[in-house]
Amino acid sequence: MQILHLTDYHFTKSGPKSIQKQKDLVESVLKTIKDLDFDFVVFSGDLVFNGAESTWFQEAYESLIAPVLELKNMNASKVFFCQGNHDVDRSKIRKPFIKYLDEEIKGEEDLNSFSDFGNKDFTDTLEMSKNYFDFVSNLDFPKDDVFNEMYTVHRRVSGKFNLGIVTINSSWRSTGEDENQLLFPTKFIYEALSKIEGVDKKILIHHHPLNFLKSSNQYVLEDIVHNKFDITLFGHIHKSITSLDFTPKTGLIKIISPASLKSHQGGEIGFSLINFDFDESRFKVDTFLYDERNSFFYKRPDEVWYEIPEDEITKKQNSLRRTFRKVLIREKEHAKDLFVSFGEENKEFTDIFVSPVLKKHNFGQNRTEVSAISLDELTKDDRSYLIFGDDKCGKTSLLKKIQIELLQNYEYLQSIPFLVDFRVTQSILSKDAFEKKFRRYYDLNTNTARELLESKNLFLLLDNFDLSDKNHADSVKYLIENYPSCKIVGTSAKGTEFLIKSPGLDDKRFIPLKFESLRKKQVRALTKKWTPLDTHKTEEVVTKISSIFKQLSIPFNFWTVSLFIWVFKKSGEKSIQNNVGLVNLYIESLLERENLIKSNASFDYDKYLKLLSHLAYHLLVNHHKSTYSAPELEILNFIGEYLLQNPRNKKVSAMDVWSYLKERGIFKKVDDDNYSFRLNGVFEYFLGYHMKVDSNFKKHVLENDELYITFKNEFEIYAGLSRDDEVFLDSIVEKSEKIFQSLNSEFDGMSLDKSLKDRASILPNYERKMLELSRKTRSLTFEELDELDELANELDIDTQIIEGVKQKQAIELNQEDVSVLDNALFILGRVFRNVDEINSEKKVKDVFNYYIKTVCQWGLRIIDTTKAIDFQTKVETEDEIELLYDLAQKMIPFLVQSNASNHIIHKNLEGVIQDRISFLKKNNGGRDNQFELFVLLFMLVDLNLKANQEFIKEAADLITIPVLRFAVLLKLNEYLVFKTNEDRELEKMLSSAIQKQRLKIDKKTDVGLIQQELSDQKKRKRLGK
């Protein structure tokens, strides 16, 4: 029996180029199969790219399947389909249904009970399969074939063998993010099997690999499939897992299509021809791959016949499969300890794991020339890797993910994982000892253990491998010598990369990789997996994390990010607006406040806070030269002396307290004996807390001009911890008035609008260039935003945050330095925002109005400063110099507004902002206060773009000053490009507002041309151009 296996056509009509590529591909398929013999055609899902397009299914059939059948003089009874995730009509996906399945279905009994064709809730879920089902059920199949939305059954004959063919809908719960999330009710498998009793060979066709199902469902389904079917065929992954014609010996012949009919990153275009020789108990897979440049298929030269397992082999392999499953269940349970407060989550480790960014170590190369390595490559090629990264960056979690994936996919990958943690196992220098550890881990007899260890399938995972430790290095050399065919993936501390070329290690040809900081793409993915937020809230969380981490110099790694996401989840939406509130919760989670309360610890959470504030102050005052690190003995002595100050701490051990702080990751070892706070943001938090404990420290920093700017984050933290400290707010306002004395005296009594117009007249060249820029602007998809984020990382633009404490530097309080003034505005704005429990309406409004006036005056000072910049060496002509000056000046109102929102905006200030807007509009409808109104109106929009979009129209109607009209256009373009989060309604509103604003700037602009440009932009975005 021979089967032509096709999969993943992804038929689309997105443009002439795509249509022509499909035609060329089909022509090449037909030329290639013309001289091939086969009895049946299997198409294992994703016939179309978009299941919402109901007519595409028939068009795809006529494009690909019908010509194949016609060429071979076959009818529809010879072809079998199953539904793929792209065949789903995603516009019909019911989120409540997905939520119900995820939260209420606890096991097979619940799932089978829900999945009843008499249950309207269940049948409603089948709406997303309607277009596919209508297509496939109307094909000319024999009347005895069984069709429903969940499975189909077909009886056929091939030679002397009666065949029973079942296809199942593995995409029933598909949403696009399917791995380890899918479900399939097992009762439908039993129903289908009951209709093919007595056949010689049973064949199952499905789209997804079974490991895409939720684990509990997967295990039950796998047992049924292994016991009841002889052959399974599936697709979806677009490529072979290890080799294009590999089939494991498990008692069940599983054949993944080694290529698809759609180009896919990391995959190949192609199809396969499977030849079953049941008389000789063997089969082979011939793979045909597509040369896209020359439009032809070529056959891979390796033709290998595989033995179909006999009874004894089957028994042995199934026993091994069960053994691996037991280990898998155990490791999944252990993996829960790797995530923060995992016990509260109804999710598995693999549900919330996000693949990190791994790059080949550059060793001095340009960063942009260094390629990334995917998790797929890491686990499935035949090379060995050593991964270097900071402590707590996620190295152990990565190895655990690999271990679980290999155990879960043993039948496909045939790799046997064994993890060695060098924190636990200091050395491995005996084959017997290593074999014993391996045998006990898998609970195997001696002969089976040796057989597995001596196979080519051993996959060693080495955690906490210290290349500078002789015992570790000798152990790895020993493993390489005794198991030369094994693959190794190890992790090691950053800074020891150069030792990879040591004798004995270089023979393995390890590829050194660097564990990079997380990008926004990973932060977004983690947020989505942890929290059930909508797209806008998810982006709000991602933006807030990015802002706090950069401000407090917290590195972007799995440990820090997952802590903050957990804080968001626990604290709810109210915390998103308050940085200090979030940091408080972050500290609570670091110190495990709840566990300290539950355990009734004698040294409680509040005591830890005070101790750490005193310790931070001690390091600040006494260890500036060593960047606030001290020998462990000194820290222990400090803790001991601190505890002795209170007789109630008599039974508290300094060593226990210190061990707890190290265990919780508060401190890290920075050299042979010195320790410091692990994160700069945590160090600054406890200095801010110390201002609350020690008022003299706070007073000293406030009064010392050289320290004032340096402690800006500590001032914000203190204000958030002391939200009713009106005296502190008064002190900051008084200090600000002194800093801004020169600025205020220069502009007070002058109209801000007149001063702006005098400084920023519009040049024709600038007007033309700005309109051209706006014409090309469109909203960016998440993928495009992630590409920008990746580019920023490659270029080191404000992204690489190093773990550890930063040394504080004195900063002169120069009243003429716009950067110093910006930092002083930051302090004023953040302190005012956080000290929100004062009851004087007059004081709140006075401080707010002073800030808004001063930030606008600061913008005018920047314009004056740009005039002093020497552009002469940068450009060649006077016109270019003039244009550069003009461009710099016209960006200032936009910069002022953005900074103001960043410094001061908070939901509880919405009423204050609106009151100020009303007051400014009393005079000539606001025409004389356009600069301030521009800042205030867009503050409200920044606060909530969707809810406050009315203020966009108000700003556009009110503002007539040319430079501010351009600033409005810039804000609109900023929102369209970066803030729509793929919200079509917002895109439509902003595109319309941009069109109107461009007409206000240039009345000669062709409206029809603008509309055509916007239409073209939408089309380009839809096509991914």
Only one of LYS529, LYS550 that is in contact with a helix residue (DSSP H, G or I) (Cβ under 6 Å, 6 or more places away or on another chain), at pLDDT 70 or above and outside any loop (DSSP other than H, G, I, E, B): LYS529
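Being farther than 30 Å from VAL670 by Cβ and at pLDDT 85 or above is the requirement here; does PHE465 meet it? Lay out the reasoning, then the answer.
Working: farther than 30 Å from VAL670 by Cβ: no; at pLDDT 85 or above: yes.
Spelling it out, it is not the case that PHE465 is farther than 30 Å from VAL670 by Cβ and at pLDDT 85 or above.
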Residues of the stretch 137-163 classified as in contact (Cβ under 8 Å) with a residue 60 or more places away in the chain, within 17 Å of HIS206 (Cβ to Cβ) and touching a Leu at 6+ places or on another chain (Cβ under 9 Å), total: 1
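Which of the residues belonging to the stretch 637-664 are of a type in the set (Ser, Thr, Tyr) and either closer than 13 Å to HIS614 by Cβ or touching an Asp or Glu at 6+ places or on another chain (Cβ under 8 Å) (or both)? Steps first, please.
Looking only at the stretch 637-664, we keep the residues that are of a type in the set (Ser, Thr, Tyr), and these are 642, 653, 659-660.
TYR642, the sole residue that qualifies.
Residues of the stretch 79-96 being part of a helix (DSSP H, G or I) and buried (at least 18 other Cβ atoms within 10 Å of the Cβ), which ones?
The initial filter retains those residues of the stretch 79-96 that are part of a helix (DSSP H, G or I), namely 85-87, 90-92, 95-96.
Selection gives ASN85, HIS86, ASP87.
Tell me, which helices (runs of 4 or more DSSP H) lie completely within the stretch 589-672 with 1 or more residues that are more than 36 Å from the chain's Cα centre (by Cα), surrounded by fewer than 17 Cβ atoms within 10 Å (Cβ to Cβ) and not hydroxyl-bearing (Ser, Thr, Tyr)? Step through it out loud before you land on a result.
Details: elements: 593-598, 605-622, 632-644, 654-663.
Where helices (runs of 4 or more DSSP H) fall fully within the stretch 589-672 and carry at least 1 residues being more than 36 Å from the chain's Cα centre (by Cα), surrounded by fewer than 17 Cβ atoms within 10 Å (Cβ to Cβ) and not hydroxyl-bearing (Ser, Thr, Tyr), they are 605-622, 632-644, 654-663.
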Single unsatisfied condition, PRO647 versus (1) closer than 18 Å to LEU687 by Cβ; (2) modelled with pLDDT of 80 or more; (3) not small (Gly, Ala, Ser): (1)
The stretch 706-750: number of residues that are in a helix (DSSP H, G or I), over 13 Å from LEU821 (Cβ atoms), polar (S, T, N, Q) and in contact with a helix residue (DSSP H, G or I) (Cβ under 7 Å, 6 or more places away or on another chain): 2
Scan of the stretch 187-206 for residues that are buried (at least 17 other Cβ atoms within 10 Å of the Cβ) and in contact with a helix residue (DSSP H, G or I) (Cβ under 8 Å, 6 or more places away or on another chain), ordered by number: ILE189, LEU193, LYS202, LEU204
Selection from the stretch 11-48 of residues that are part of a loop (DSSP other than H, G, I, E, B) and crowded, with 21+ Cβ neighbours inside 10 Å: SER44, GLY45, ASP46, LEU47
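So, TYR685, is that one farther than 21 Å from LYS843 by Cβ, of a type in the set (Phe, Trp, Tyr), in contact with an Asp or Glu (Cβ under 9 Å, 6 or more places away or on another chain) and buried (at least 24 other Cβ atoms within 10 Å of the Cβ) or not?
Details: farther than 21 Å from LYS843 by Cβ: yes; of a type in the set (Phe, Trp, Tyr): yes; in contact with an Asp or Glu (Cβ under 9 Å, 6 or more places away or on another chain): yes; buried (at least 24 other Cβ atoms within 10 Å of the Cβ): yes.
Spelling it out, TYR685 is indeed farther than 21 Å from LYS843 by Cβ, of a type in the set (Phe, Trp, Tyr), in contact with an Asp or Glu (Cβ under 9 Å, 6 or more places away or on another chain) and buried (at least 24 other Cβ atoms within 10 Å of the Cβ).
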Lone unmet requirement of (1) in contact with a Ser or Thr (Cβ under 7 Å, 6 or more places away or on another chain); (2) of a type outside the set (Gly, Ala, Ser); (3) within 21 Å of LYS625 (Cα to Cα) for TYR689: (3)
Those helices (runs of 4 or more DSSP H) lying entirely in the stretch 910-967 with at least 3 residues more than 27 Å from PHE978 (Cβ to Cβ) and touching a helix residue (DSSP H, G or I) at 6+ places or on another chain (Cβ under 9 Å): 910-921
Condition check for GLU910: in the same structural domain as ASN849 (by TED's automatic domain parsing) and modelled with pLDDT under 90: no
Subset of the stretch 72-113 (residues that are farther than 25 Å from PHE57 by Cα and among the hydroxyl-bearing types (Ser, Thr, Tyr)): TYR100, SER113
Tabulated pairs, the stretch 183-199, first assigned by TED's automatic domain parsing to the domain that holds VAL153, second assigned to a loop (DSSP other than H, G, I, E, B) and β-branched (Val, Ile, Thr), C-beta under 9 angstrom, 6+ apart or interchain: LEU183/ILE105
Among the candidates ASN73, ASN119, residue that is free of Cβ contacts under 8 Å to residues at least 24 places away in the same chain and at positive phi: ASN73
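Considering each of LYS395, LYS437 in turn, give the residue that is free of Cβ contacts under 8 Å to residues at least 40 places away in the same chain and out of contact with any Lys or Arg (no Cβ under 7 Å at 6 or more places or on another chain).
Working: LYS395 fails: free of Cβ contacts under 8 Å to residues at least 40 places away in the same chain.
On inspection, the qualifying residue turns out to be LYS437.
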Segments classed as helices (runs of 4 or more DSSP H), wholly inside the stretch 105-207, with at least 2 members that are under 26 Å from ASP351 (Cα atoms): 108-114, 120-125, 186-194
ALA76 surrounded by fewer than 16 Cβ atoms within 10 Å (Cβ to Cβ), within 24 Å of ILE168 (Cα to Cα) and assigned by TED's automatic domain parsing to the domain that holds ASP286: no
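Just wondering, is there one or more residues in the stretch 177-194 that are under 30 Å from THR527 (Cα atoms) and touching an Asp or Glu at 6+ places or on another chain (Cβ under 7 Å)? Reasoning before the result, please.
We begin by selecting, within the stretch 177-194, every residue under 30 Å from THR527 (Cα atoms); these are 177-185.
With the extra rule that they be touching an Asp or Glu at 6+ places or on another chain (Cβ under 7 Å), the set shrinks to 180.
Within the stretch 177-194, one or more residues are under 30 Å from THR527 (Cα atoms) and touching an Asp or Glu at 6+ places or on another chain (Cβ under 7 Å).
Please tell me if PHE97 is within 33 Å of the chain's Cα centre (by Cα), over 21 Å from LEU213 (Cβ atoms) and not small (Gly, Ala, Ser).
Numbers: within 33 Å of the chain's Cα centre (by Cα): yes; over 21 Å from LEU213 (Cβ atoms): no; not small (Gly, Ala, Ser): yes.
Here the answer is no, as PHE97 does not meet what is asked.
The values are calculated or read from the model by the stated rules, or taken from the named source; none is laboratory data. Only a predicted model underlies this, so the values are computations on that prediction, with no experimental measurement involved. Because the Cβ atoms are built from the backbone with ideal geometry, glycine has one as well, and the counts that use them run over all protein chains shown.
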